[in-house]
Amino acid sequence: QEFHGECHANYIRKMQASFAWDWGPAFPSVGIWKNVTLRAYNVAFARHVTVETIPDSSYWNVTVTLYLDVVNNVTGTLSTTLILGDTNITSQQQASISSQHNNVTTTFCVPKDQVAMWWPNGYGSQALYQLFVGFQSQQETTQTSVLVGFRTIKLVQEEAVPNKPNKGLTFYFEVNGVAVFAKGSNYIPAHILPELGAEPALLHRILTGARNANMNMLRVWGGGIYESDLFYQICDELGILIWQDMMFACSMYPATDEFLATVATEVTQQI
C-alpha cells in the first residue's frame, strides 16, 4: 500500500511525518540535520547523565548514573555536587569504567527540608536545582550538569466503582500525592524539516504559549521525532509534563530479529 505517494515509509527509521500526514505536506529530507561536534579526550568523556529521585520519610534518595565515552579501562573518582543556594551536597566514590561497561552509578541523600518540590503548571512552582556530575582519572577530568526537580508521579488505576471491576478503572495522574487534571495537547514536529524545528527561539515560543494557555501536559506524538534535550528542559522549567510516545505511529512495522534489535537500541538510547 502507498502512504500519501511514498511507498513503505514505515520501513525507514525517519520522521514519519516527513512523508506527509493529514495536517502537513510530504518533504522527506536526507542528510546531517543536527550540529556536528568534534570532541578530543584521552580517556573518557561525560556524555549523558540520568537522575532518579525517590522519597523516604525525611530524605530524597537521589540515584545518579553517568554515561561516558571511554577509550581504555580506567579507574577514577565519580563526584556529584547538588547546588542548593548557599548549601551544596557533595558525594564521591571510586569507580572503574571500560568500553564494555561505560556507565557508573552513585546514590546520595538530600534532606526534604532543603529542597522545594516541583509542581506542574497551575499547581505550584517549578523548583529546579543544578547537579554537577564528574569523573576524574589520573589523566583528566570530565564533567557535565543537569537540572533536577524533586517530585513524585503516579498513574492511578483503581476500580471506578468499588467492588465492581466490570465498571472499569480510573486513569489519572497524581503528582506529589495530588490528583492532576491533565490539560494539554498533541505535540507534532515544529517544522516539516526537523533541523528547523529545534531552534531554541521557536521551542521557547511554542512551549511558553502552551504554558500560557494553562496546559500542563504535552504528548510527544509518535509520528514525529524524539525531541531535543532543550525541549524537555524547557518543559521542566515551565511545569509541563510529557506523555512520550515511541516513534511508531499508525503503521505496521517489521518484527524481524534484526529490526527489533535496532528498536531495543533506539529505545534504550532515548530513555
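Quick look at the values:
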{"quantity": "THR170 being assigned by TED's automatic domain parsing to the domain that holds ASN88, among the polar types (S, T, N, Q), over 18 Å from the mean Cα position of the chain (by Cα) and over 21 Å from ASN61 (Cα atoms)", "calculated": "no"}
{"quantity": "Any hit, the stretch 89-99, residues being without any contact (Cβ under 8 Å) to a residue 60 or more places away in the chain, out of contact with any strand residue (DSSP E or B) (no Cβ under 7 Å at 6 or more places or on another chain) and loosely packed, with under 14 Cβ neighbours inside 10 Å", "calculated": "no"}
{"quantity": "Filtered residues of the stretch 230-270 (kept if out of contact with any strand residue (DSSP E or B) (no Cβ under 9 Å at 6 or more places or on another chain), farther than 28 Å from PRO25 by Cβ and acidic (Asp, Glu))", "calculated": "ASP257, GLU258"}
{"quantity": "Test: residue in the stretch 228-246 that is over 22 Å from THR50 (Cα atoms), surrounded by 14 or more Cβ atoms within 10 Å (Cβ to Cβ) and more than 14 Å from the chain's Cα centre (by Cα)", "calculated": "no"}
{"quantity": "Answer residue from the stretch 100-132, given it is polar (S, T, N, Q) and either surrounded by fewer than 16 Cβ atoms within 10 Å (Cβ to Cβ) or not assigned by TED's automatic domain parsing to the domain that holds LEU68 (or both) and is nearest to GLY239 (Cα to Cα) among those", "calculated": "SER125"}
{"quantity": "Where a residue in the stretch 48-75 is under 16 Å from SER91 (Cβ atoms) and in the same structural domain as LEU230 (by TED's automatic domain parsing) and its partner, wherever it lies, is surrounded by 15 or more Cβ atoms within 10 Å (Cβ to Cβ) and at pLDDT below 90, with Cβ under 8 Å and at least six apart", "calculated": "none"}
{"quantity": "Residue under evaluation ASP69, criteria (1) at pLDDT 90 or above; (2) surrounded by 15 or more Cβ atoms within 10 Å (Cβ to Cβ); (3) more than 30 Å from LEU196 (Cα to Cα), criterion not met", "calculated": "(3)"}
{"quantity": "Among residues of the stretch 162-176, those that are assigned to a loop (DSSP other than H, G, I, E, B) and surrounded by 10 or more Cβ atoms within 10 Å (Cβ to Cβ), counted", "calculated": "4"}
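The values are calculated or read from the model by the stated rules, or taken from the named source; none is laboratory data. Quick caveat, the model's predicted, so the values are computed rather than measured. Here the Cβ is made from the backbone with ideal geometry for all residues, glycine too, and neighbour counts use every protein chain on show.
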